[in-house]
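The values are calculated or read from the model by the stated rules, or taken from the named source; none is laboratory data. Here the structure is a predicted model, which is why all the values come from computation and not from measurement. Cβ atoms come from the backbone with ideal geometry, glycine included; neighbour counts cover every protein chain shown.
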């Protein structure tokens, strides 16, 4: 009887492992995207080679793009694009732009020489990224070295305690990923989800009513998520093959 029970247990564990594969580097190899679904969040792991910050009112398209979403805050709803309309300093295609001031942007994300860097907001990291022909932007830094550092003031000023689908660029186990809430939630609940998922770093991505994103699935199909694109977005985080 014990042998039969152990056999069923082994079979159950095998089936469970095939149904709930985590996005390990091995499982992602050779794919465009690995999507990990938790109780409260969806996590995207693109198999990318580089990151771009593209300044544009239009959603970027291209055969080499794996994932695209809005990134830094936009200052005003303008019909025409200008780098001055992107909140805070940022780096596009290796060039630094000052942007418009925004004291709530407490963190910086940069990517250069094949590696991403999260840090409290500072101009130095952005200039290093520019000198290295990389990219970078400023946003609300949510988690840094496993420590929650965002403030309630941020949520009250920008989201006025209203539930939305939220999204963050994160690092988990040394890998970059995008984590978003499965449903509209209050921001403090989303932060708890990030903590529960175990990310090392997390920086906010502009969301609220501007929650449009798209990704390339493993069949080569372009999948759009959340709301339709807004014509007033000013910048986009782009993962490329």
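Tabulated results
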| read-out | value |
| --- | --- |
| Segment 146-159 - residue that is part of a loop (DSSP other than H, G, I, E, B) and more than 17 Å from the chain's Cα centre (by Cα) and, of those, modelled with the highest pLDDT | 149 |
| Of the criteria (1) farther than 27 Å from residue 194 by Cα; (2) surrounded by 20 or more Cβ atoms within 10 Å (Cβ to Cβ), which one residue 56 fails | (2) |
| Candidates 30, 55, filtered to the one that is over 21 Å from residue 139 (Cα atoms) and either in contact with a helix residue (DSSP H, G or I) (Cβ under 6 Å, 6 or more places away or on another chain) or at pLDDT below 95 (or both) | 30 |
| Qualifying residue in segment 193-202 (condition: touching a helix residue (DSSP H, G or I) at 6+ places or on another chain (Cβ under 9 Å) and modelled with pLDDT of 95 or more) | yes |
| Selected residue (criterion: surrounded by the fewest Cβ atoms within 10 Å (Cβ to Cβ)) from residues of segment 81-126 that are part of a helix (DSSP H, G or I) and at pLDDT 95 or above | 124 |
| Output for segment 38-73, where each listed residue is closer than 14 Å to residue 97 by Cα and part of a strand (DSSP E or B) | 53, 54, 55 |
| Residue match in segment 37-50 (condition: exposed (fewer than 13 other Cβ atoms within 10 Å of the Cβ) and touching a helix residue (DSSP H, G or I) at 6+ places or on another chain (Cβ under 7 Å)) | yes |
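This table checks each residue for (1) within 20 Å of residue 23 (Cα to Cα); (2) over 11 Å from the mean Cα position of the chain (by Cα); (3) assigned to a strand (DSSP E or B).
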position	(1), (2), (3)
199	yes, yes, no
204	no, no, yes
215	yes, yes, yes
224	no, yes, yes
230	no, yes, no
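Condition check ((1) at pLDDT below 95; (2) outside any helix (DSSP H, G or I)) across all residues:
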{"site": "128", "(1), (2)": "no, no"}
{"site": "136", "(1), (2)": "no, yes"}
{"site": "161", "(1), (2)": "yes, yes"}
{"site": "176", "(1), (2)": "no, yes"}
